[in-house]
Amino acid sequence: MLTRRRFSQWLIGSPLLASSSFSRAAGAAPVPAAQDMGAALSQSRDLLIKGGTVIDPSQNLHAPLDVAVKDGKILQVAPDIPADGSRSVISAKGKIVTPGLIDVHVHIFEGVGPTGVNADQYCLGRGVTTAVDAGSAGYFSIAGFRQYVIKPSATRVYAMVDIGARGTLMGLVGNYSNLDWVNPQLTARAAQANQPDVVAIKARLSKEITGANDLEVLKRALEAAKISNLPLMVHVGDSYSPLQDILRQLRKGDVLTHCFTGRPHGPLDANGKILPEMLECRERGVLFDVGDGGPHLSLDVAEKCLQQQFLPDTIGTDLGGLSYNGPVYDLVTELSKFLLLGMTIDQVIERVTLGPTRMFNFGVELGTLRAGAVADITILEAREGSFIFSDSTGNKRTGRQKLQSVAAIRAGKTYINRSDDV
């Protein structure tokens, strides 16, 4: 495995634009100018991505279009932008070009316990330009997370503060059993002190973490969220209390993650129907995230929910040290699982671009290729073949299509992918 230092050196120095499948269009015949493109074409461009199929749900775009970048921002999205005047030109022929992918659920506190992985290697290096760490740090360590993960990472990183003081450190069983370590005031204070990098509060309500305290932990987490004026993300699956009791407490803008869990107290009743409380939550504005993580996604449960038109709002991976070698691997593999289950390419792209911006306030315009927005872009390839996907139960299914990242552009800077490693 690459070390963080070696990976960073390799990533920044990558000869991406010289590769045959993803190359600078040097020497190519000039592309004729389209009519009425406006003043933008008279400007020089730092980067031009040509010939791809742009999928941008924020603008209802799904068409062959070029994307021009200048000064780290989107300059223009239009057909047939001339290559002349562009410092770098990338051919995306046969590829999909999207806003930079956003993973709303990762664990990237590298070096602290077994759950943290390197953000640049497993996020940016695999097509994800923005990643949200889901509570790896609690109130006593969030400042350290900000200093040692957020600031040095090339990946755009945000964080949630876990309601437990120790966060997900070591994945400790009974982490919330001592309620003295579950302090809403200190959690809220830490969240406020570390904004804008902190975008939510996190609570994990599985019984191995809470014991019999899950509803009390939820109460305290909601208090911290209210004080800090942030949403709460709640981890469920095998909770001590019935899921219905948890769902009734959630507010508009709060997030339920592991929404397709196959563990006890999941989203379906004994007849395979979605719980009425799940539907009531959606009606009042609660949001739902996949959060696979290895133990938390049942393909059978997900399929039944999708068949009942209950789609997730976001497709977060819950990627970490226990799942990057499978069954999660990376975000594009997770998206491929939902293509297998019947979602369309536009639907899965929406849940990792536009969807996350409805969940969290990132403070900058992400999830879009709109002119003037930050130039975070992902280039994908849809591979055809026979691909095996698995879930937390060991259930395996074979799909005919798998997405693979080709490159990520983060604030106008291009990085090679690593998703072909898995």
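Computed from the C-beta positions of Q307 and D71, the FRET efficiency with R₀ = 45 Å rounds to 0.45.
With both bridge residues required to lie in the chain, what share of the DSSP beta bridges run antiparallel, to the nearest 5%?
On the way: 38 of 71 bridges.
Percent antiparallel among DSSP bridges in the chain is about 55.
Restriction of the trypsin sites (Lys or Arg not before Pro) in segment 199-256 to DSSP coil positions whose beta-carbon has at most 15 other beta-carbons within 10 angstrom yields R248, R251, K252.
Heavy atoms of the protein chains alone define the surface here; on that basis the chain has 39 Å² accessible area per residue at 1.4 Å probe size. Gap in Å between the Cα centre of segment 187-239 and the Cα centre of segment 249-278? Each part's Cα centre sits 18 Å from the other's. Computed from Cα atoms, the angle from the helix 214-228 axis to the main principal axis of the chain rounds to 50 degrees. The portion of the accessible surface of the chain made up by carbon and sulfur, rounded to a whole percent, is 49 (1.4 Å probe; DNA, RNA and ligands excluded).
Got the relative contact order for the chain handy, in percent, Cα pairs under 8 Å and 6 or more residues apart? Mind dumping the intermediate values first?
Values: 1043 pairs, mean separation 77.6, N = 422.
Rounded, it is 18 percent for the chain.
Name the residue from P264, A407, L61 whose Cα lies farthest towards the positive end of the charge dipole of the chain, charges +1 on Cβ of Lys and Arg and -1 on Cβ of Asp and Glu. After comparing all options, I get A407.
For R251 and E384, the difference between the fully extended length at 0.36 nm per residue and the C-alpha to C-alpha distance is 43.7 nm. Computed over segment 105-232, the quotient of the alpha carbon radius of gyration and 2.2 N^0.38 Å is 0.99.
Charge tally around F288: other residues with Cβ under 11 Å, Lys/Arg +1 each, Asp/Glu -1 each, net -1. Pairs with C-alpha atoms separated by more than 19 Å, drawn from the list K219/K273; K226/K252; K304/K402; K202/K396, are K219/K273; K304/K402; K202/K396.
What percent do you get for the relative contact order of segment 144-249 when only Cα pairs under 8 Å and 6+ apart count? Walk me through the intermediate numbers first.
Numbers: 166 pairs, mean separation 29.2, N = 106.
That works out to 28 percent.
In this label model, K396 and D180 are separated by 5.0 nm, measuring between points 7 Å along each Cα→Cβ vector. Count Lys and Arg as plus one, Asp and Glu as minus one, and take only other residues whose Cβ is under 10 Å from that of L340; the net charge is then +3.
FRET efficiency for A212 and D269, Cβ-Cβ distance as r, R0 = 22 Å, nearest 0.05? It would help to have the intermediate numbers written out before the result.
Numbers: r = 24 Å, r/R0 = 1.08.
The value I calculate is 0.40.
Listed by chain and number, the lysines whose C-alpha is less than 25 Å from the C-alpha of K70, apart from same-chain residues fewer than 8 away, are K50, K93, K95, K151, K413. The antiparallel fraction among DSSP beta bridges confined to segment 269-422 stands at about 95%. For trypsin sites (Lys or Arg not before Pro), the sites in segment 260-295 that DSSP calls loop and that have at most 14 other Cβ atoms within 10 Å are K273, R284.
Could you work out the local net charge near I377, counting Lys and Arg as +1, Asp and Glu as -1, over the other residues with Cβ closer than 15 Å to its Cβ? Mind showing how you got there, number by number?
On the way: positive: R45, K50, K70, K73, K95, R126, R156, R370, R410, K413; negative: D46, D56, D66, D71, E365, D376, E381.
Net charge in that neighbourhood comes out at +3.
About its Cα centre, what dipole magnitude does the chain give when the only charges are +1 on Lys and Arg Cβ and -1 on Asp and Glu Cβ, stated in debye to the nearest 20? Walk me through the intermediate numbers first.
Working: 43 positive and 42 negative charges, 145 e Å.
So the magnitude is around 700 debye.
The values are calculated or read from the model by the stated rules, or taken from the named source; none is laboratory data. From a predicted model like this one, the values you see are computed outputs, not experimental measurements. Please note: Cβ atoms are built from the backbone with ideal geometry, for glycine as well, and neighbour counts cover all protein chains shown. Ligands, DNA and RNA are excluded from the accessible area calculation, which covers all protein heavy atoms including side chains. Shrake-Rupley method; radii C 1.70, N 1.55, O 1.52, S 1.80 Å.
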